[in-house]
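Down below is the structure, laid out as structure tokens.
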Amino acid sequence: MAQVYRGGQPYPAGHPGRLTPHEVRTHEFATRRRGVDPIEVREFQARVADELAMLNETVRQLSQENDRIKRALRDWQTMHARECRPPQEYDRNSGHW
């Protein structure tokens, strides 16, 4: 497959890097004879970029919360494993027979 470049760095087609709010805000569109209103385009880009920034922050917060919950679960499992040890196996040489 063809290589597509973003920011001077290639990545395989179909696996683009994350789109940043800055890229949305600064993207330039080709002009046409009967093009769209550039003010509307910029307003829409600003809305999309703001929402993208909010979603990226939400993902970051959820990732941190996920890590915190995983650590808490690991700590609980460790504590619980210490309290609930399985019965000790009998020493085979200490029996009557």
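General remarks:
- Complete set of residues in the range 39-82 that are over 18 Å from L19 (Cβ atoms) and of a type in the set (F, W, Y): W76
- Tally of residues being within 27 Å of R60 (Cα to Cα) and assigned to a helix (DSSP H, G or I) across the range 14-44: 9
- From the options A53, A13, A81, A46, residue that is modelled with pLDDT under 80 and of a type in the set (A, V, I, L, M): A13
The values are calculated or read from the model by the stated rules, or taken from the named source; none is laboratory data. The model shown is predicted, which means the values in this text are computed figures rather than measured ones. Using ideal geometry, Cβ is built from the backbone for each residue, glycine included, and neighbour counts are taken over all protein chains shown.
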